[in-house]
Amino acid sequence: MVEELTQSAFIWDNFKVDVSLRIGNGDFSDAATSVCVLDFVLMLHGVRVTLRKDRLAVFELSDREGEWRFTRDKELIGLRTRYATREGWHFRPAEGHCQASEFDSLVEQSLKDALALIFSRQPVTRRNPYLLALAGSGFDAA
């Protein structure tokens, strides 16, 4: 039952979307096709937390190989993605930069949008304890 699904069910198997992500002049949508929407949102949150103390945050989505390499230089956040092949790692051509405040807003809005999407498509998920915790206390529940 949906009410009993755990966090891992929402990160690995359910509510897959094609994410449209543009940061500055970089379009990163091709690296985020058919991803679990909460996995993507939680990755962004992890990046934000990491960049508060480090200049580099390298994350992967739970269900695929490929790096999301975020950098922070003062108040500027940068992003590049890499993918693995048999010949080694390759950067995708997109590169983007935005202000840290814009990135923070993106992360907060992405959680609201992900939950709104899930709740609108499957109203029964409004009774799921994990999703209720995320809706109530945000990333503190993650």
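Throughout, read-outs are computed from the coordinates displayed, never taken from laboratory work. Here the structure is a predicted model, which means the values were calculated and not measured. Positions of Cβ are generated from backbone atoms using ideal geometry, with glycine treated the same way; all protein chains shown enter the neighbour counts.
Points worth noting:
- The dipole here belongs to segment 3-142: it is taken about the Cα centre, uses +1 on the Cβ of Lys and Arg and -1 on the Cβ of Asp and Glu, and is about 180 debye.
- Along the axis of the charge dipole computed for the chain (Cβ charges of +1 for Lys and Arg, -1 for Asp and Glu, origin at the Cα centre), the listed residues ALA114, VAL49, GLY88 are led at the positive end by VAL49.
- Cα centroid separation, segment 65-142 to segment 23-47: 5 Å.
- Taking every full run of DSSP H in the chain, the ones that stretch at least 24 Å from end to end by Cα along their long axis and average -0.5 or higher on the Kyte-Doolittle scale are 100-121.
- Dipole of the chain, positive direction: furthest Cα of SER62, PHE103, VAL17, with charges on the beta-carbon: PHE103
- Packing-based order for 22-35, 81-94, 51-64, using average beta carbon neighbours within 10 Å, highest first: 22-35, 51-64, 81-94
- Here the average projected area of the convex hull drawn through the C-alpha atoms of the chain stands at 8.7 nm².
- Once the chain from LYS16 to LYS53 is taken as fully extended at 0.36 nm per residue, the excess over their C-alpha distance is 10.2 nm.
- Descending semi-axes in whole angstrom, ellipsoid equivalent of segment 80-142, from the Cα gyration tensor: 32, 17, 11
- Among LEU111, LEU38, LEU21, residue whose mean-square fluctuation peaks in a GNM of the chain (springs only between Cα atoms under 10 Å): LEU21
- Values of log10 I(q)/I(0) for segment 1-80 across q = 0.18, 0.22, 0.23 Å⁻¹ run -0.77, -1.05, -1.11, by the Debye formula with one identical scatterer at each alpha carbon and no solvent.
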